[in-house]
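**Student:** If you scroll down you'll find the structure; I have some questions about it.
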Amino acid sequence: MAFIGISGMQYSGASLSHHRILLAEDSNVFTSMISKRLKELFDIDVDICRSFEDLELAYDKSVEKVTLAISNINLPGAENGEALGYLVDLSIPTIVFTGTFQQTTRDELLSREIVDYIIKDNIFAVELLVESVCRFLTNHQHHVLIVDDSATARALLSSRLKRYNFRVSTADSGASALALLKDNPDIGLMITDYHMPDIDGFELTRRIRGAIGSHRLRIIGVSSSTDRLLSARFLKAGGNDFIMRPFIDEEFYCRVNQNLDTLTQIRAAQQRLAS
């Protein structure tokens, strides 16, 4: 089963039919389009909930664990966002699919730690939603290493990545990162701080690049420094990307996705050449 998303993400693997997805949406047009695409692409049958009462009943009658929910902000019987609150309180990962969007809406959604939000403002909205679903269901295939000497920074990044369903390891120093990379060759992305007491991000990247190329490991540097030359220096050291703190959530997730998409495409090309 193969799928290429609008952004260029690729998925080629087994059916995802074992996942249970709740679709809380009252529009017949969108429920039809979404359920049809998820079925034909990933063999997923969604549970359609056209009202808050339907959503509660679907969850209460559930035998299998709900993997993911797709929810509009407002539903009949929940005109003030109660459906989203209900899903969040149940700790169900949720992608919001909405036509109502303002800056305050965005801030409220991110404060609830949703997986993603898709706005119904263009003809590609359903395809973007399908891609977001595919990413969430398959992100566990990616192993990400966070390197930072700050326990708080490690915890925040780890929480953010786990929300997106990635497998995450952490290191509190450059030396620990090198050891983890040696013991875990499946790590495909490293996110490293620049300022660290033993080995700074530049030197760590240089050492890694002596043994592991970008075709096997993507490296994103991060820093809260105001020195804008850091990004250029990091990229010249062998990094693939650089993000300044504090992060904008959407930018962070997009950059992570883009680097992992590139890695997936390289691996696919290598497999084609080897066959």
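No value in this document is a laboratory result; all are computed from the given coordinates. Keep in mind it's a predicted model, so treat the numbers as computed, not measured. Methodologically, a virtual Cβ is constructed for each residue, glycine included, from the backbone with ideal geometry; neighbour enumeration extends over all protein chains shown.
**Student:** Relative contact order for region 171-272: what is it in percent, counting Cα pairs under 8 Å that are at least 6 residues apart?
**Tutor:** 25 percent
**Student:** Over all directions, what mean area does the Cα convex hull of region 142-274 project, stated in square nanometres?
**Tutor:** The directionally averaged projection comes out at 7.8 nm².
**Student:** Run through region 72-163 and list the chymotrypsin sites (Phe, Trp or Tyr not before Pro) located in a DSSP loop whose Cβ has at most 15 other Cβ atoms within 10 Å.
**Tutor:** Counting only loop positions with at most 15 other Cβ atoms within 10 Å, the chymotrypsin sites (Phe, Trp or Tyr not before Pro) in region 72-163 are PHE124.
**Student:** So what is the relative contact order of the chain, in percent, for Cα pairs below 8 Å that sit 6 or more residues apart?
**Tutor:** The normalised contact order for the chain reaches 12 percent.
**Student:** Using only the alpha-carbon atoms of region 2-138 as identical scatterers, what base-10 log of I(q)/I(0) does the Debye formula give at q = 0.18 Å⁻¹?
**Tutor:** These q points yield log10 I(q)/I(0) values of -1.01.
**Student:** Hey, with R₀ at 30 Å, roughly what FRET efficiency would ARG245 and SER214 work out to, going by the Cβ-Cβ distance, to 0.05?
**Tutor:** In this case the efficiency is close to 0.80.
**Student:** Run the helix sum for the chain: -39,500 (n - 2.57) per DSSP H stretch of 4+ residues, divided by residue count, reported at 222 nm to the nearest 500 deg cm²/dmol.
**Tutor:** Per the formula, -13500 deg cm²/dmol.
**Student:** Continuing with this model, one more query. Could you state the per residue volume, in Å³, of the convex hull enclosing the Cα atoms of the chain?
**Tutor:** Output value, Cα hull per residue: 146 Å³.
**Student:** Separate question: For region 113-174 and region 180-205, what is the centre-to-centre distance using only Cα atoms, to the nearest Å?
**Tutor:** Each part's Cα centre sits 19 Å from the other's.
**Student:** Something else: How far is the Cα center of region 34-80 from the Cα center of region 226-260, in Å?
**Tutor:** Region 34-80 and region 226-260 have Cα centres spaced 36 Å from each other.
**Student:** Shifting gears a bit: Provide the gained length on full extension for the span LYS65 to LEU229, in nm with one decimal, where the gain is 0.36 nm per separating residue minus the Cα-Cα distance.
**Tutor:** In short, 54.3 nm is gained.
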